[in-house]
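Since the structure comes first, as C-alpha coordinates, the remarks are kept for the end.
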Amino acid sequence: MNIGCYVTAVSYERRRLLTRTDVASIILAQVEFYRSKYSFRFCGYVIMPDHWHFVFIADESEVSPILRDVKSMVARLVIDGWKADPACHRLLDQIRLPEIGKRNHQYSIWQEGNWKVLVDELDAIERRLDYMHANPLRAGLVTRPEQWTWSSYRWYQFREPVGVTIVAAED
(Lines give C-alpha, C1' and ligand atoms only; values in the text may rest on other atoms or scores of the structure.)
Protein backbone atom coordinates (compact mmCIF):
# COMPACT_ATOMS: atom_id res chain seq x y z
CA MET A 1 0.00 0.00 0.00
CA ASN A 2 1.31 3.44 -0.92
CA ILE A 3 1.66 5.99 1.86
CA GLY A 4 2.97 9.53 2.14
CA CYS A 5 6.08 10.08 4.20
CA TYR A 6 7.39 13.36 5.60
CA VAL A 7 11.02 13.07 6.68
CA THR A 8 13.55 15.26 8.41
CA ALA A 9 17.17 14.15 8.15
CA VAL A 10 19.65 16.10 10.27
CA SER A 11 23.35 16.62 9.61
CA TYR A 12 25.93 15.24 12.01
CA GLU A 13 26.07 17.50 15.08
CA ARG A 14 23.90 19.93 13.10
CA ARG A 15 26.89 20.99 11.04
CA ARG A 16 25.87 23.60 8.48
CA LEU A 17 27.10 21.70 5.45
CA LEU A 18 24.03 20.51 3.54
CA THR A 19 23.54 23.65 1.43
CA ARG A 20 27.05 23.54 0.03
CA THR A 21 26.51 23.13 -3.71
CA ASP A 22 28.44 19.86 -3.82
CA VAL A 23 26.41 18.31 -1.00
CA ALA A 24 22.96 19.54 -2.06
CA SER A 25 23.60 18.48 -5.65
CA ILE A 26 24.56 14.99 -4.51
CA ILE A 27 21.42 14.77 -2.36
CA LEU A 28 19.19 15.62 -5.31
CA ALA A 29 21.07 13.32 -7.71
CA GLN A 30 20.66 10.41 -5.31
CA VAL A 31 16.97 11.12 -4.84
CA GLU A 32 16.59 11.03 -8.61
CA PHE A 33 18.54 7.77 -8.88
CA TYR A 34 16.62 5.99 -6.12
CA ARG A 35 13.31 7.46 -7.28
CA SER A 36 13.64 5.43 -10.44
CA LYS A 37 14.98 2.35 -8.61
CA TYR A 38 12.11 2.22 -6.12
CA SER A 39 9.45 3.96 -8.25
CA PHE A 40 8.42 6.36 -5.50
CA ARG A 41 6.81 9.74 -6.06
CA PHE A 42 9.01 12.56 -4.79
CA CYS A 43 6.62 15.36 -3.84
CA GLY A 44 8.93 18.04 -2.51
CA TYR A 45 11.90 19.08 -0.43
CA VAL A 46 13.80 21.86 1.24
CA ILE A 47 17.48 21.51 2.09
CA MET A 48 18.47 23.73 5.00
CA PRO A 49 22.06 24.26 6.15
CA ASP A 50 21.80 21.58 8.87
CA HIS A 51 18.76 19.49 7.94
CA TRP A 52 16.68 18.30 5.02
CA HIS A 53 12.89 17.98 4.86
CA PHE A 54 11.26 15.95 2.12
CA VAL A 55 7.96 14.34 1.24
CA PHE A 56 7.50 11.27 -0.88
CA ILE A 57 4.88 8.64 -1.58
CA ALA A 58 5.97 5.00 -1.74
CA ASP A 59 4.94 1.51 -0.90
CA GLU A 60 5.00 1.37 2.89
CA SER A 61 7.41 -1.58 2.83
CA GLU A 62 9.97 0.50 0.89
CA VAL A 63 10.05 3.61 3.10
CA SER A 64 12.94 2.43 5.31
CA PRO A 65 15.05 1.04 2.42
CA ILE A 66 14.60 4.30 0.48
CA LEU A 67 15.76 6.38 3.45
CA ARG A 68 18.68 4.05 4.18
CA ASP A 69 19.88 3.92 0.57
CA VAL A 70 19.61 7.65 -0.18
CA LYS A 71 21.34 8.74 3.02
CA SER A 72 24.02 6.07 2.77
CA MET A 73 24.96 6.90 -0.81
CA VAL A 74 24.91 10.65 -0.17
CA ALA A 75 27.31 10.13 2.75
CA ARG A 76 29.61 7.90 0.72
CA LEU A 77 29.77 10.27 -2.26
CA VAL A 78 30.26 13.41 -0.16
CA ILE A 79 32.94 11.87 2.07
CA ASP A 80 34.81 10.28 -0.85
CA GLY A 81 34.69 13.59 -2.72
CA TRP A 82 36.04 15.51 0.24
CA LYS A 83 38.80 12.94 0.79
CA ALA A 84 39.89 13.30 -2.84
CA ASP A 85 39.97 17.12 -2.71
CA PRO A 86 42.69 18.60 -0.48
CA ALA A 87 40.73 21.86 -0.32
CA CYS A 88 37.94 19.96 1.47
CA HIS A 89 40.01 18.14 4.08
CA ARG A 90 39.07 20.77 6.69
CA LEU A 91 35.43 19.77 6.13
CA LEU A 92 36.24 16.19 7.05
CA ASP A 93 37.38 17.42 10.47
CA GLN A 94 33.85 18.76 11.05
CA ILE A 95 32.27 15.35 10.51
CA ARG A 96 34.91 13.15 12.11
CA LEU A 97 33.42 10.70 14.59
CA PRO A 98 34.93 10.72 18.10
CA GLU A 99 35.60 7.02 17.71
CA ILE A 100 35.47 4.62 14.79
CA GLY A 101 31.82 3.86 14.08
CA LYS A 102 29.93 0.95 12.60
CA ARG A 103 31.63 -0.69 9.64
CA ASN A 104 34.87 1.18 10.46
CA HIS A 105 33.44 4.58 9.49
CA GLN A 106 35.51 7.56 10.55
CA TYR A 107 33.08 10.23 9.32
CA SER A 108 29.37 10.88 9.28
CA ILE A 109 27.31 13.36 7.30
CA TRP A 110 24.08 12.43 9.10
CA GLN A 111 22.88 12.08 12.65
CA GLU A 112 21.63 8.57 13.24
CA GLY A 113 18.01 7.94 12.46
CA ASN A 114 15.36 10.11 10.85
CA TRP A 115 12.31 11.89 12.05
CA LYS A 116 9.50 10.61 9.87
CA VAL A 117 5.76 10.93 9.85
CA LEU A 118 3.57 8.70 7.72
CA VAL A 119 0.68 10.65 6.21
CA ASP A 120 -2.18 9.11 4.32
CA GLU A 121 -4.32 12.13 3.49
CA LEU A 122 -3.66 14.59 0.68
CA ASP A 123 -4.34 17.67 2.79
CA ALA A 124 -1.82 16.45 5.42
CA ILE A 125 0.83 16.07 2.71
CA GLU A 126 0.06 19.56 1.42
CA ARG A 127 0.36 21.01 4.94
CA ARG A 128 3.78 19.37 5.32
CA LEU A 129 4.88 20.82 1.96
CA ASP A 130 3.70 24.30 2.97
CA TYR A 131 5.49 24.01 6.32
CA MET A 132 8.81 22.92 4.84
CA HIS A 133 8.69 25.45 1.97
CA ALA A 134 8.33 28.24 4.56
CA ASN A 135 11.30 26.96 6.58
CA PRO A 136 13.99 29.19 4.94
CA LEU A 137 11.73 32.20 5.47
CA ARG A 138 11.14 31.36 9.16
CA ALA A 139 14.89 30.87 9.61
CA GLY A 140 15.55 34.36 8.22
CA LEU A 141 17.59 33.03 5.31
CA VAL A 142 15.39 34.69 2.67
CA THR A 143 12.54 37.21 2.53
CA ARG A 144 10.45 35.15 0.07
CA PRO A 145 10.37 31.33 -0.25
CA GLU A 146 11.14 31.39 -3.98
CA GLN A 147 14.54 32.94 -3.18
CA TRP A 148 15.77 29.73 -1.54
CA THR A 149 17.75 27.68 -4.07
CA TRP A 150 17.42 24.28 -2.44
CA SER A 151 13.64 23.92 -2.40
CA SER A 152 10.79 22.58 -4.51
CA TYR A 153 8.76 25.74 -3.82
CA ARG A 154 9.51 27.21 -7.27
CA TRP A 155 8.23 24.04 -8.93
CA TYR A 156 4.90 24.35 -7.12
CA GLN A 157 4.51 28.09 -7.71
CA PHE A 158 6.02 28.54 -11.18
CA ARG A 159 6.67 25.00 -12.49
CA GLU A 160 10.39 25.84 -12.65
CA PRO A 161 12.96 23.00 -12.55
CA VAL A 162 14.34 22.44 -9.04
CA GLY A 163 17.10 19.88 -9.57
CA VAL A 164 14.98 16.76 -9.21
CA THR A 165 11.74 15.40 -10.66
CA ILE A 166 8.76 16.48 -8.57
CA VAL A 167 5.40 14.73 -8.73
CA ALA A 168 2.57 16.54 -6.99
CA ALA A 169 0.87 14.47 -4.33
CA GLU A 170 -2.49 14.75 -6.05
CA ASP A 171 -1.16 13.35 -9.36
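Summary of values
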{"item": "Value of [θ]222 nm, deg cm²/dmol, for the chain, DSSP H segments ≥ 4, -39500 (n - 2.57) each, nearest 500", "result": "-12000 deg cm²/dmol"}
{"item": "Total charge dipole magnitude, the chain, about the Cα centre, Cβ charges on Lys, Arg, Asp, Glu only, Debye to nearest 20", "result": "640"}
{"item": "Within the accessible area of segment 1-64 (1.4 Å probe), percent carbon and sulfur", "result": "49"}
{"item": "Counted charge near Gly81, where neighbours are those whose Cβ lies closer than 15 Å (Asp, Glu -1; Lys, Arg +1)", "result": "+1"}
{"item": "Extension gain from Ile3 to Lys116, taking 0.36 nm per residue of separation minus the Cα-Cα distance", "result": "39.5 nm"}
{"item": "Residue-by-residue Karplus 3J(HN,Hα) for segment 34-46, coefficients 6.51, -1.76, 1.60, Hz, glycine and proline x", "result": "6, 4, 6, 5, 9, 6, 9, 9, 8, 9, x, 7, 8"}
{"item": "Cα long-axis angle, helix 122-133 against the chain (0 to 90 degrees, to the nearest 10)", "result": "50"}
{"item": "Inter-probe distance in nm under a simple model that places probes 7 Å from Cα toward Cβ, at His105 and Asp85", "result": "2.1"}
{"item": "Modelled label reach - Val142, point 7 Å along Cα→Cβ, segment 1-32 residues with backbone N closer than 14 Å", "result": "19"}
{"item": "Residue-normalised accessible area of the chain, given per residue in Å² at a 1.4 Å probe", "result": "52"}
{"item": "Option label - Cα Rg over 2.2 N^0.38 Å computed here, alternatives [x] 1.09; [y] 1.15; [z] 1.02", "result": "[z]"}
{"item": "Segment 97-148 and segment 1-77: distance between their alpha carbon centers, rounded to Å", "result": "9"}
{"item": "DSSP-loop GluC sites (Glu not before Pro) across segment 55-99, with at most 12 other Cβ within 10 angstrom", "result": "Glu99"}
{"item": "Label-to-label distance, nm, for residues given as Asp69 and Thr149 (7 Å Cα→Cβ offset)", "result": "2.8"}
{"item": "Shape call, segment 88-139: gyration tensor on alpha carbons, a/c limit 1.5", "result": "oblate"}
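The values are calculated or read from the model by the stated rules, or taken from the named source; none is laboratory data. Source: prediction; values computed, not measured. In this analysis, Cβ positions are derived from the backbone assuming ideal geometry, glycine residues included, and neighbour counts consider all displayed protein chains. Each accessible area value is taken on the protein alone, full model and side chains, heavy atoms only, with ligands, DNA and RNA left out. Shrake-Rupley method; radii C 1.70, N 1.55, O 1.52, S 1.80 Å.
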